[in-house]
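Below is one structure, written out as structure tokens; comments come after it.
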Amino acid sequence: MINLLSALALVVVCVTTMLIAFHGLRLSRTTSDFYVASRTVRPWWNASAIGGEYLSAASFLGVAGLIVLSGQSGLWFPIGYTAGYLMLLLFVAAPLRRSQAYTIPDFAQIRFEESKSLRKITTYLVVVICWLYIVPQMHGAALTLSIATGLPGWLGPVIVAAVVCITVVSGGMRSVTFVQAFQYWFKLAALVVPTIFLLFQVIPEQSSTARLDSIATQLESVAGLNLYETISIILALLFGTLGLPHVLVRFYTNPTGQAARSTTVIVLGLLSVFYLLPTTLGVLGLLYAPQLGGNAETDATVLLLPSAVLDGFLGDSLTAIVVGGAFAAFLSTTSGLVVSLAGALSQEFFAGTVRGFRISTVLATALPVFIAVVTSSLALAGAIGNVFAFTASTICPLLLLGIWWRSLTARGAIAGMLTGAAACGLALMISSLLPEVDTLWFHMLRQPAAWSVPLAFVVMIAVSRATARSVPANADRIMARLHVPDRDSAF
Amino acid sequence: MSPALQITLIVTIVTVGIAVIGYFGFKISRSTKEMGTDAEEATFTTLHHMSVAVPHLERGLTVEGAAKSAKALRRLLNCPVLLISDTRHILATDAGIEFTADLEEQASEAFSTALATGKTQVKRLSGQDFVAAPIMVGNQPVGTVTALTPRAGAGFVRAVSEVAVFVSAQVSTAQLDENKAMLLEAQMRALRAQISPHFIYNSLNAIASFINTDPARARELVIEFADFTRYSFRRRGEFTTLAEELEAIDRYLLLEKARFGDRIKVSLQIAPEVLSTRIPFLSLQPLVENAVRHGLEARPDGGVISITATEDGMHAVISVEDDGVGMDPEQLSSVLAGTTVNMHVGLRNVDVRLRQLYGNSNGLIIDTAPGAGTQITLRIPKFLAPGTASIDE
């Protein structure tokens, strides 16, 4: 099925993104007024920008797909994706901003000046997390492209990678918070419009009580997750958000710790609003699932729904809007991740030069494209859930204990992160090789967060206790810097 | 599992196994062949233990470093207990036997006498002896190497003394590094941009000219002048934010405009994301002052100064540009190299500070030619590794 409008939407989004990249600088204001020039990024803009970068393929396509696949337990995903920011607000946002760190390895270095290996290991983990996170975006691109235009799926990742490489290397897109903020509102609109049309189409069909009943039975009839899996997923999503490199980088833009907190509160609101939409679409998807064509991939629900419910031009144009929004989601999240990744690589291997950053950008996109092309797509929300579990077992303990526990030692941090990485990574790998069975053991391997996150914490604390002599001498000073509220005139 | 797969697996395992065994066999046979005579081997072992002990002492006598080097030194001296102390406490003990509180007390006495006399001391207990040798830096003892041995002969005492001399050399190097860091810090303080005398003189003259004609403006200017001087005289911190530095530049330009009127125009293009970036204190104002003084002052119709700041991955890129008379690149490079004085001192000052803080590749980038204006660009990492900014706070 080739839909010309969808193909057009796809081209428009890609070309617009590149145009903004090339002319990005013109968007920043030119003035002769110092007061105007020195206005910092307001929390509202910053929050929209975080939302724009955060809402990825998993949110845009995956959430609805998961509700179709596993019914009401799929609802835990949007809740977890949002509630993670509550943890960020409570435990990390303000202290991280006050630490002056730009990236997570920077934070490790501030907390443990002496330990070069801790910085290295943190960098490698960040690289792995970014790669793992980019691959599902590429899968989403492959799926969307093949459904929207009928072109072979591998072209999707290649297009996304090419556009991202060009935008990141030319550097324009990054400097404009405005563009990323716009991405959030664009994605929101790309789901609001179809949702409203679909609801208007669906509501008059039956009496409302009968409809509600049918939704309820549909939601319950789908086999969901068991208690253990649910707990594990919630843990992974709550703690995983704390370590996402591309989100944490944005906090540097906030002038103070207080502004970092306000930003996070607004992000919570923005995400809550956004997730109403994929959830609604998922429920509508359940009602129309049989019509979507039997064994079609559930992740495509959002893409297929408009034309399944509405005929003709209206259906096609709504599909085109969704396709555009989906590609915007892949592009913005991927470019955010690639910038973090390329930054980490260039810092580690090229001494932070301009040329090094460019080489790193190409490296950062090439590998995920390759992986995405040779592997087949998992359920998008589930794949991202795994990345969150991995982040929660590695970076999250480092940040939480690093910020809140003065007795953490570099060796403890290293031991905890490596244990978490090994436990979570191996469990996920083994479970993907085993045939699916309904035993607790298998569930524990497939959703490792419930035990791998506590394990990482326990190892980190135990090893720190055992090496208590090597608590850095400046620990108290650093803790004070993290926790004492900012003075009015900064620094 | 299919037979073909099984065969492939078995072949792989066997190949890898043979490769591993072969590799280790080769290494072992080579290492025994090359070991040579007993004397050569002894020399090698001694030097090896020494080289293991060295790197841990490069930061001086620290608890962590001492613990690691004590281990290597004990193996070198082949004694049951070896401890390293500073002038008061035991920093690290490496013991092959149980090290009791009683022994610890005896050891403390032994190294105290060694510290007091500045010479190697032997303290004989029943059945075992402590040998304590002072670690000297200059003529001052800064710590000791103390070893416990069943029976301390002259040879062992000499060996301990030699080890102490060796450790002394390492600790001295560490202190040298520390002195170097202090020197650097002093240099940084001296380089910290000073407010230029020209500017004070010119500003006060400009203000004076307004006192009769426009007292309100004169009053405003005096306040701006006071605020600017307060900023540039402040003691706290080597760093400021881009936003604060821009504020200071604004004040500076207001005062210059009092003299030049509308001949100086300013155009700003600042990405708000980089406003909170930490930059060295007074690193931009001298560049703007250079643009005014050497770029625009000489032109009767003045010109435009553009300040831009953008984000570039892990860095913030800030540039100051003027369309004034430009500079001679040859002359400029001699200024930056420090061979010419007076002209553009502010530029050199900023350049040196940037290089010291961010490494040699992050100095000023200057594009200029006579008559073609000047563009000066800074590329500042958003994150500065701790330790480099020693005068912060």
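The values are calculated or read from the model by the stated rules, or taken from the named source; none is laboratory data. All values reported here derive from a predicted model rather than from experimental measurement. When we count neighbours, we look across all protein chains shown, and the Cβ atoms used for this are built from the backbone with ideal geometry, even at glycine.
The listed residues are B:L268, B:L287, B:L282, B:L253, and the only one of them that is in a loop (DSSP other than H, G, I, E, B) and of a type outside the set (D, E, K, R) turns out to be B:L282. Given (1) surrounded by 12 or more Cβ atoms within 10 Å (Cβ to Cβ); (2) at pLDDT 85 or above, where does A:P472 come up short, assuming only one miss? A:P472 satisfies every listed condition except (2). Do we have any residue at all in the stretch B:184-203 that's over 33 Å from the mean Cα position of the chain (by Cα), part of a helix (DSSP H, G or I) and charged (D, E, K, R)? No, the stretch B:184-203 has no match at all.
For the stretch A:223-263, the candidate set comprises residues that are away from chain B (no Cβ under 14 Å), among the hydroxyl-bearing types (S, T, Y) and more than 15 Å from the chain's Cα centre (by Cα); within that set, the residue that is nearest to A:A329 (Cα to Cα) is A:S262. You will find that of A:A342, A:A415, the residue that is touching a residue at least 24 places away in the same chain (Cβ under 8 Å) and surrounded by fewer than 24 Cβ atoms within 10 Å (Cβ to Cβ) is A:A415 and no other.
Filtered by the rule that a residue be more than 32 Å from the chain's Cα centre (by Cα), small (G, A, S) and surrounded by 14 or more Cβ atoms within 10 Å (Cβ to Cβ), the stretch B:148-164 gives B:A152, B:A159, B:S161.
If you go through the stretch B:225-242 and keep only what is at pLDDT 90 or above and within 12 Å of chain A (Cβ to nearest Cβ), you end up with just B:L242.
Among the listed residues A:S360, A:S431, identify the single one that is within 14 Å of chain B (Cβ to nearest Cβ), at pLDDT below 90 and part of a helix (DSSP H, G or I).
Working: A:S431 fails: within 14 Å of chain B (Cβ to nearest Cβ).
Result of the check over A:S360, A:S431: A:S360.
Has the stretch B:67-80 got at least one residue that is exposed (fewer than 10 other Cβ atoms within 10 Å of the Cβ), at pLDDT 80 or above and within 27 Å of B:L148 (Cα to Cα)? If you could, list the steps in order and put the result at the bottom.
So in the stretch B:67-80, the residues exposed (fewer than 10 other Cβ atoms within 10 Å of the Cβ) come out as none.
No, the conditions are met nowhere in the stretch B:67-80.
Out of all the residues in the stretch B:104-142, which are of a type outside the set (S, T, N, Q) and touching a Leu at 6+ places or on another chain (Cβ under 7 Å)? Talk me through it step by step, then tell me what you get.
Kept after step one, since they are of a type outside the set (S, T, N, Q), are these residues of the stretch B:104-142: B:104-105, B:107, B:109-111, B:114-116, B:118-119, B:122-125, B:127, B:129-138, B:141-142.
Listed by number, the residues that qualify are B:A107, B:F130, B:P134, B:P141, B:V142.
Report whether or not B:G324 is within 28 Å of B:A190 (Cα to Cα), more than 11 Å from chain A (Cβ to nearest Cβ), surrounded by 20 or more Cβ atoms within 10 Å (Cβ to Cβ) and in contact with a strand residue (DSSP E or B) (Cβ under 6 Å, 6 or more places away or on another chain). Step through it out loud before you land on a result.
Numbers: within 28 Å of B:A190 (Cα to Cα): no; more than 11 Å from chain A (Cβ to nearest Cβ): yes; surrounded by 20 or more Cβ atoms within 10 Å (Cβ to Cβ): yes; in contact with a strand residue (DSSP E or B) (Cβ under 6 Å, 6 or more places away or on another chain): yes.
So B:G324 fails the test.
Picking from residues in the stretch B:233-250 that are of a type outside the set (A, V, I, L, M, F, W, C) and over 15 Å from B:I307 (Cα atoms), the one that is farthest from the chain's Cα centre (by Cα) is B:R234. Condition test on A:T375, is it surrounded by 20 or more Cβ atoms within 10 Å (Cβ to Cβ), among the polar types (S, T, N, Q) and away from chain B (no Cβ under 14 Å)? Criteria not met by A:T375.
Looking across B:V145, B:V131, B:V167, one residue alone is under 21 Å from B:S112 (Cα atoms), assigned to a helix (DSSP H, G or I), more than 19 Å from the chain's Cα centre (by Cα) and not small (G, A, S). It is B:V167. When you check B:E273 against the structure, is it assigned to a helix (DSSP H, G or I), modelled with pLDDT of 85 or more, closer than 30 Å to A:W45 by Cα and within 12 Å of chain A (Cβ to nearest Cβ), yes or no? No.
What helices (runs of 4 or more DSSP H) completely inside the stretch A:1-118 contain at least 2 residues that are within 13 Å of chain B (Cβ to nearest Cβ) and farther than 27 Å from A:P485 by Cα?
Values: elements: A:4-27, A:34-37, A:43-54, A:63-70, A:76-87, A:93-98, A:104-111.
Qualifying helices (runs of 4 or more DSSP H): A:4-27.
Residues that are surrounded by fewer than 24 Cβ atoms within 10 Å (Cβ to Cβ) and closer than 21 Å to A:V265 by Cα do not occur anywhere in the stretch A:118-130. Criterion applied to A:I461, A:I478 was being within 14 Å of chain B (Cβ to nearest Cβ), in a helix (DSSP H, G or I), touching a residue at least 24 places away in the same chain (Cβ under 8 Å) and among the aliphatic types (A, V, I, L, M), and the one residue passing it is A:I478.
Condition check ((1) of a type in the set (A, V, I, L, M); (2) under 34 Å from the mean Cα position of the chain (by Cα); (3) closer than 15 Å to B:T240 by Cα) across all residues:
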| position | (1), (2), (3) |
| --- | --- |
| B:L268 | yes, yes, no |
| B:E273 | no, yes, no |
| B:I279 | yes, yes, yes |
| B:L284 | yes, yes, yes |
| B:H294 | no, yes, no |
| B:P300 | no, no, no |
| B:T308 | no, yes, no |
| B:M314 | yes, yes, no |
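Among the candidates A:F178, A:F186, single out the residue that is surrounded by fewer than 22 Cβ atoms within 10 Å (Cβ to Cβ), modelled with pLDDT under 85 and under 22 Å from A:Y85 (Cα atoms). It would help to see each step written out before you state the result.
Values: A:F186 fails: modelled with pLDDT under 85.
Answer to the selection: A:F178.
Selection within the stretch A:315-338: residues that are out of contact with any Phe, Trp or Tyr (no Cβ under 9 Å at 6 or more places or on another chain) and among the aliphatic types (A, V, I, L, M). The member of this set that is farthest from the other protein chains (Cβ to nearest Cβ) is A:A320.
Apart from one condition, A:T149 fits all of (1) within 13 Å of chain B (Cβ to nearest Cβ); (2) more than 30 Å from A:L428 (Cβ to Cβ); the exception is (1). Of the residues making up the stretch A:371-382, those that are touching a Gly at 6+ places or on another chain (Cβ under 8 Å) and part of a helix (DSSP H, G or I) are A:L380, A:A381, A:G382.
Going through B:R263, B:R251 one at a time, which residue ends up being among the basic types (K, R), farther than 30 Å from A:L341 by Cα, in contact with a strand residue (DSSP E or B) (Cβ under 8 Å, 6 or more places away or on another chain) and surrounded by fewer than 24 Cβ atoms within 10 Å (Cβ to Cβ)? After applying the criteria, what remains is B:R263.
For the stretch A:311-334, the criterion of being within 30 Å of A:E229 (Cα to Cα) and not in a helix (DSSP H, G or I) is met by none of the residues.
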